[in-house]
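**Q** Quick one: the structure is below, questions incoming.
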Amino acid sequence: MSRPESTTNSFSLALKALLCACCLLLCCGAVSTQAETIVVYHFNPESHSDRNLVLKNTFDQYFQVSHNIQLQPVDDRATFAALIANKPASLFIMSDWQYHQLESSNNDLTPYLRGIKDGNDTFRKLLIGKAPLSPQHATLAVSGTEDYVYSLLGSMRLNTAPLPMQQLRLLTVPKDIDALLAVSFGMADAALATENSYEKYELLYRNEYQLLKVLGTSTPQKRLVVALYRQHLPALQVALEALLDMSQSPNGQLGLKLLGLDEWTLLPTTQDRGGQL
Amino acid sequence: MTTVLRYLLALCCSLAIGGCQNRTALPQQPDTFTVLVVNSNSALPRYEVPVQAFLKTIKGAELVTVDLGEDELPTETLQDMLNAHRVQAIYCVGAKALGSIDYLSPATPVVYSSVLSWREFQSRKHFYGVTDGVAPAAQLAWFKHFFPNIQRIGVLYSDTSENVLKDARHSAEALSLTLNTRKIAAGEARTPHIEALLESSDAIWILPDPEVLDSEANTVQLFEQAHRRKIPVFAYNPFFMELGATLSINADLATTGRQAALMVQSLQNAAPESNIQFPAGSNVSLNLRKVREYQLNLDSDALNSVSELLDQ
C-alpha cells in the first residue's frame, strides 16, 4: 500500500515541479519580453521640443501594431548625450548636426538611416529679414536651440555685412512659420527658416513675402539620422526595419510627416559596415 | 574789490546751483538691473509656463519673484516688495498681478502677459505687453497653411469683436481669403445666421466674442450645425477641440514669457519700439478625424507644425 502512495506522491511532486517550472518559464518570458522593448530616443535641436507628446503618441501607435518598440522624445541635449554615453541597445533619432557633436566622444555610434523629403537628404536654412540687421541690436526669431543657431549662423554665407553676433537676441519660437510671421508683424528683425518654409510662406502670404529678403544661406544640412551602436545591430534589426517600413502605412506616414520627412533610407555606408537590412 | 567779490559769490552760487541741478538730473545708476516678477498663481500652467520661460531667457538681471496665488492682500504684498527692493522693471503674469500693480501705479516700467483684458492697459504709460491671443492675421495664415483649398471663411460676430474683425478683413484680403460675416445682436436668434454662413462658407472661424459664445448651449449649437453640414470650425483655444473644432491656433505660453524677457531687457537701453506685441509662437491642435470625415484637403507638409493631434 505504501508503494503506490509513494508513487502517487512522487507523481504529484513531479507535477508540482513541472507546474512551477512552467510558471517560472512564463514569468521569465514575461520579464524578458519587457526587457526586449526597444526604445527609440529622439532629440532634434533644429526644432523646438513642444511636440514631444504628439510624436510619442503617433510613433507608439504605429509601432504597437506589430512591434515591441517605443519612442522616447528627449527634451534637452545633456540628457540625450548622457543616454548615448551609456551605450544602450537603442536607436537614436537626431539631427545630423547633433550626431556630429556626439560622434567624437562616441566612436562606435553609427548612422544607419537618413531622413528623406522630396527626394532630398539635405536642406538649407535661410536668414530672412526686411533689411540688413542693425549692428546695435537685432532680434532673431528661431525654432532651434541656441547652440545650434549660433553654430549655423557662424558658418552661413551672408549677403550683408557680418552679423552683430554679440548684439543678437534670440527669440525662440515653436516653428519656422512662427519665426517668419514674427518678422512680418515686427516682433523680430530676422528669422531663421528652412528653404521649404520660406517657399510655403510665399504661397501663404505673398504680400508679406515680397517685403522679405534673404540675408544669408546656410551650407546644405543633412536631414535627420538614425544612429546606433554597432554591437547592438542584431538586437535592433527589427526596429530599423520598422522605421524603414513607415512609408508603407498611413500611421507610419503620419509619423514621418510629423518629423518633416517622406521616408527613411538606408545609408550606403551601412552596408559597407556589415548592415544586413 | 567788492565787485570782484560779488562776481565770485555769484559764480560760486551758480556753480553750486548747477551742481545741485546736475545731481537731481542724473538718473540712479544701480549696480544691478532688478526685475520684480509677479505671478498671479504659480499653480496654474497658464501663468507658471511663461514665468519659467521668462526666468530662463532673461540675462544680466537680478530677479525677485512673488506668487500671488494664495495672497488675499496682493497690493500690500507688492508695496512691501517695492519698498524693499530697488526695482527697475516689473513683469506681471495674469490679471491679478497686473491689476494689483496698476492700482499701485509705480513709476517703474511694467511688462505683462497672459492677461485677457490687456486692452484696458494698452494706453497706460510705461506699460508694455504681449497680447493674449495669436494675431488674427497669423491665425488666418495658419488656416490657409493647413487647408490651402479653403477660401471662404464664415464669422459670426457682435459689437464686441467688430474691431478685431475690421483688422482681420484686411489680413484676409492680403491672404487671398474671403471673410463672410454676420453680425448678431444680444438675444437675437442665431440659427438663421449660422445657416446663412454655412451656406456660403468653406469653414467657420470663431472669435473670442462673449456675445457670440454667450452660453455653452449656443456654442454647442454652432458646432452641431457646422458638423451636420460637414463644415470645419477653426478656433482660438484647444478647449474647442472637445466640442468638435477641426483646427485650433492658440498662443504658445512659453514664447510669450520669452518675448516679455526680451522686452524687459530692451528697457535697460531704451523703451521698446512697440507697447504691444502679439504672441510670436503658436500651438496648433488638429483633429484628423474631422479632416477625414469632412474629406478636407490637408497639406501634409503642415503636419510638422502640429502640437496636438486628435486621431482616435
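**Q** Which whole-number percent is the relative contact order of chain B (Cα, under 8 Å, 6+ apart)?
**A** This gives 18 percent for chain B.
**Q** Using alpha carbons only, how many degrees (0 to 90, rounded to 10) separate the axis of helix B:95-104 from the longest principal axis of chain B?
**A** Relative to chain B, helix B:95-104 is tipped by roughly 30 degrees.
**Q** Using only the alpha-carbon atoms, what does the range B:124-226 span along each of its principal axes? Please give whole angstrom values in decreasing order.
**A** Here the spans come out as 45, 33, 19 Å, largest first.
**Q** Just to be sure I follow: if Rg is taken over the C-alpha atoms of the range B:208-279 and Rh is the Kirkwood radius over the same atoms, what is Rg/Rh?
**A** 1.21
**Q** Would you tell me the mean number of C-beta atoms belonging to other protein chains that fall within 10 Å of each C-beta in A:177-183, as a whole number?
**A** Rounded to a whole number, the mean comes out at 6.
**Q** When a/c reaches 1.5 or more, the comparison of a/b and b/c decides; with that in mind, is the range B:35-186 rounded, prolate or oblate per its Cα gyration tensor?
**A** Prolate.
**Q** Still on this structure, I have one more. Taking +1 at the Cβ of each Lys and Arg and -1 at the Cβ of each Asp and Glu, which of A:Asn120, B:Ser105, B:Ser117 sits farthest along the dipole of the protein assembly as shown towards its positive end, judged by Cα position relative to the Cα centre?
**A** A:Asn120
**Q** I need to check one value: relative contact order of the range A:125-219, counting alpha carbon pairs closer than 8 Å and at least 6 residues apart, in percent.
**A** Over the range A:125-219, the number comes to 50 percent.
**Q** Starting from 0 in steps of 10 Å, tell me what percent of the Cα-Cα pairs of the protein assembly as shown lands in each bin.
**A** All Cα pairs considered, the percentages come to 3, 14, 21, 22, 17, 10, 5, 3, 2, 1, 0, 0, 0, 0, 0.
**Q** Return the Rg/Rh value of chain B, two decimal places, where both radii are evaluated on C-alpha atoms and Rh is the Kirkwood radius.
**A** Reported Rg/Rh, Kirkwood definition of Rh: 1.16.
**Q** Can you tell which of B:Ile90, B:Ile184, B:Ile276 shows the greatest fluctuation in a Gaussian network model of chain B with Cα springs below 10 Å?
**A** Highest fluctuation among the options: B:Ile184.
**Q** In whole angstrom, how far apart do the alpha carbon centroids of the range A:164-194 and the range A:97-161 sit?
**A** Spelled out, the Cα-based centre of one part sits 14 Å from the other.
**Q** Given an 8 Å cut-off on Cα distances and at least 6 residues of separation, report the relative contact order of the range B:47-138 as a percent.
**A** Rounded, it is 22 percent for the range B:47-138.
**Q** Just to check, using Stokes-Einstein with a Kirkwood Rh over alpha carbon pairs, what's the diffusion coefficient of the range A:125-219 at 10 °C and 1.306 mPa s in µm²/s?
**A** 123
**Q** Hey, could you grab the Kirkwood Rh for the range B:236-312? Inverse mean 1/r over distinct alpha carbon pairs, Å, one decimal.
**A** For the range B:236-312, the Kirkwood estimate is 14.5 Å.
**Q** Of all trypsin sites (Lys or Arg not before Pro) in the range A:171-252, which ones are in loop regions per DSSP and have a Cβ with at most 10 other Cβ atoms within 10 Å?
**A** none
**Q** Here's something else I'd like to know. Can you give the angle from 0 to 90° between the axis of helix B:2-25 and the longest principal axis of chain B, with both taken from C-alpha atoms, to the nearest 10?
**A** Tilt relative to chain B: about 30 degrees.
**Q** Of B:Ala226, B:Ala302, B:Ala217, which has the largest mean-square fluctuation in a 10 Å C-alpha GNM of chain B?
**A** Looking only at B:Ala226, B:Ala302, B:Ala217, the largest GNM fluctuation is found for B:Ala217.
**Q** A further question follows. State the Kirkwood hydrodynamic radius of the range A:177-277 in Å, one decimal place, computed from all pairs of distinct Cα atoms.
**A** 16.8
**Q** Ok, one more. Out of the range B:32-66, which trypsin sites (Lys or Arg not before Pro) are coil in DSSP terms and have no more than 13 other C-beta atoms within 10 Å?
**A** B:Lys59
A short reminder: the numbers here are calculations on the coordinates, not readings from a lab. Every value quoted in this text rests on a predicted model; they were computed, and no experiment measured them. Heads up, the Cβs are rebuilt from the backbone with ideal geometry, glycines too, and the neighbour counts pull from every protein chain shown.
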